[in-house]
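Inspection log for the structure reproduced underneath, given as structure tokens.
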Amino acid sequence: MGEWELKRISEVPFDDYRRDPVKYHPPGGESMESVVNRVMDFLNFVKSINERSVIAVSHWHPPIATIAALIMGLPPLSNIYRLRISTGL
């Protein structure tokens, strides 16, 4: 989260980021384009593994929501915060 790391949501312009993470990203933080590239690399890696392999993924909301949005074909990625993803517990 770049310069927003360890800050309270009230201390940063989080509403802009939440509304459109493609356009707004934390200063010094990862852009949505970078998240998508990283997620696509991961998905390509998963596709290359034997079908019988079991894969567990643990991450935070943006990459997990990006994976879900890409798999389901839900453009635009600026809507990833509309996806409700619960914890595995």
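The numbers here are math on the coordinates, done by the rules we state, and not lab data. Worth saying up front: this structure is predicted, and the values here are computed from it rather than measured. Using ideal geometry, Cβ is built from the backbone for each residue, glycine included, and neighbour counts are taken over all protein chains shown.
Before moving on, here are some points about what is shown:
- Rounded tilt (10° steps) of 61-72 against the dominant C-alpha axis of the chain: 50
- Remark: Glu30, Glu3 ranked as Glu3, Glu30, counting other beta-carbon atoms within 10 Å and listing the fewest first.
- Where N is the number of residues in the chain, Cα Rg divided by 2.2 N^0.38 Å: 1.18
- Added length on full extension, which subtracts the Cα-Cα distance from 0.36 nm per residue, Trp60 to Leu83: 7.0 nm
- Taking the Cα centre of the stretch 2-82 as reference, the dipole from Cβ charges on Lys and Arg (+1) and Asp and Glu (-1) amounts to some 260 debye.
- Within the chain, helix-based [θ] at 222 nm, where runs of 4 or more DSSP H residues each add -39,500 (n - 2.57), nearest 500: -12000 deg cm²/dmol
- Put in order of Cβ neighbour count within 10 Å, fewest first, the listed residues Met40, Met72, Met32, Met1 become Met72, Met40, Met1, Met32.
- The simple spin-label model puts a point 7 Å past each Cα toward its Cβ; for Lys7 and Leu43 those points are separated by 3.1 nm.
- Rounded to the nearest 10 degrees, the angle from helix 32-48 to the longest Cα principal axis of the chain is 10 degrees.
- Summing +1 for each Lys or Arg and -1 for each Asp or Glu among the other residues whose beta-carbon sits under 15 angstrom from that of Tyr24 gives -3.
- Packing-based exposure ordering (other Cβ within 10 Å, fewest first) of Val12, Val35: Val12, Val35
- Cα-only radius of gyration and Dmax that characterise the stretch 14-65, units Å: 13.8, 42
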